Amino acid sequence: MTHTNQKIQNFQPKCIKPNTDAVGRDIAVSATGFILPCCWLDRPDSEIDEKAATLFNDKLHIDNNDTIKDIVSSKPWQKFMRELIDKPEKSSPICLEMCTVSINRYRTKERRT
């Protein structure tokens, strides 16, 4: 899938605070025991999204880690988050769909706080 420049320009990951590497929204815990950057990644089509699928690795399951920090500090998690910042055109199609401001079909208006 090729992403347009306009889509990339309107991409604003909600899990990252603007202009920083800091986490924005709270992380999500899937019903199957995985820590995710947001609840939108916990969907059946995550299985066909190879970027999101890396976060469902058994080594990242909460039962196989001592702390959440161990999970979010892991290489797969760090790579996933780094791509959101540095290479949005290569990030998860789910993220691009849900966090591209002008075309998100699931939200009619972004809340401003």
Revision key, fill the gap. So, first residue within 28 Å of residue 5 (Cα to Cα) and touching a residue at least 60 places away in the same chain (Cβ under 8 Å) in segment 70-90, second residue among the hydrophobic types (A, V, I, L, M, F, W, C) and part of a helix (DSSP H, G or I), Cβ within less than 9 Å, six or more apart or across chains; the pairs are 81/72; 84/95; 88/8; 88/95; 88/96; 89/8; 89/96
Check your understanding: Of all residues in segment 1-29, which are out of contact with any helix residue (DSSP H, G or I) (no Cβ under 8 Å at 6 or more places or on another chain), among the charged types (D, E, K, R) and at pLDDT below 75?
Key -> 17, 25
Exercise for review: Check off (1) modelled with pLDDT of 85 or more; (2) under 18 Å from residue 8 (Cβ atoms); (3) assigned to a loop (DSSP other than H, G, I, E, B) for residue 81 and give me the number that stays unchecked.
Suggested key: (3)
Study note, to complete from the structure: Considering segment 80-100, residues that are loosely packed, with under 12 Cβ neighbours inside 10 Å and not acidic (Asp, Glu), and then whichever is nearest to residue 41 (Cα to Cα), we arrive at 90
Check your understanding: Does segment 60-72 hold any residues that are surrounded by 11 or more Cβ atoms within 10 Å (Cβ to Cβ) and either not β-branched (Val, Ile, Thr) or not in a helix (DSSP H, G or I) (or both), and which are they?
Key -> 60, 61, 64, 65, 70
Exercise for review: Using the structure shown, decide if residue 32 is loosely packed, with under 11 Cβ neighbours inside 10 Å, modelled with pLDDT of 90 or more and part of a loop (DSSP other than H, G, I, E, B).
Suggested key: yes
Review point. Quick one: what pairs do we get from segment 24-44, first residue β-branched (Val, Ile, Thr), second part of a loop (DSSP other than H, G, I, E, B) and surrounded by 15 or more Cβ atoms within 10 Å (Cβ to Cβ), C-beta under 8 Å, 6+ apart or different chains?
Key: 27/15; 27/37; 27/38; 35/27
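The values are calculated or read from the model by the stated rules, or taken from the named source; none is laboratory data. Being a predicted model, the structure only gives us computed values, none of them experimental. Glycine gets a Cβ as well: all are built from the backbone with ideal geometry, and neighbour counts include every protein chain shown.
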